[in-house]
Amino acid sequence: MSAVGYATAVGQAALDALSARLSSAESAISSKADASAIPQPATAAPPMIGDANSKGTGTKYALEGHTHMSNVQAKRIQIVGSSGQATWTFATPFDVAPVIDATAETPAGSSYINVATVLEGSVSVNSATIVVQQVAKSITLPLLATALLGLVLTLFGFAPAGVYVNCFARRPS
């Protein structure tokens, strides 16, 4: 066999060996590249924040920049007008009517206390109406009237415009 023929035979043998190895590698890759085994992005929002930790069992991954929805919303609202009422429209509607807590601000040194309550029947998944009343600090009647009647007089009135109320809404647990 000539030198050229020998070189051609060796080259062909090397190409055949390389082709066989590539074919083997392709079949190994295709058997491992099962598309159902590759995690896919999540298609639903992640669970809301909970009171206890829990480990997920799904195989889907969450996308960067996602947000967990809170069970709680809070806002400082202001009484407008003379009715002593303010309606709080939630930034995101709840799926059920939330539990509301409201605390009215009272200026330091005032002769009254601002008391906030939720207007009965006003709470919905979208909003709630808060009523603020001014309650005068207890006024003791003159000594003789107190002795005779044993009374302490308290005065009520709606809070004027401008009073702020700190409101919290939580999805019932």
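Descriptive notes on the structure:
- Highest-first packing order for the peptide set 125-131, 69-75 is 125-131, 69-75, based on the mean count of other beta carbon atoms within 10 Å.
- For the peptides 9-19, 93-103, the ranking by mean Cβ contacts within 10 Å, running from highest to lowest, is 93-103, 9-19.
Bear in mind that the values in this text are calculations on the coordinates, not laboratory data. What you are looking at is a predicted structure, and each value in this text was computed from that prediction instead of being measured. Because the Cβ atoms are built from the backbone with ideal geometry, glycine has one as well, and the counts that use them run over all protein chains shown.
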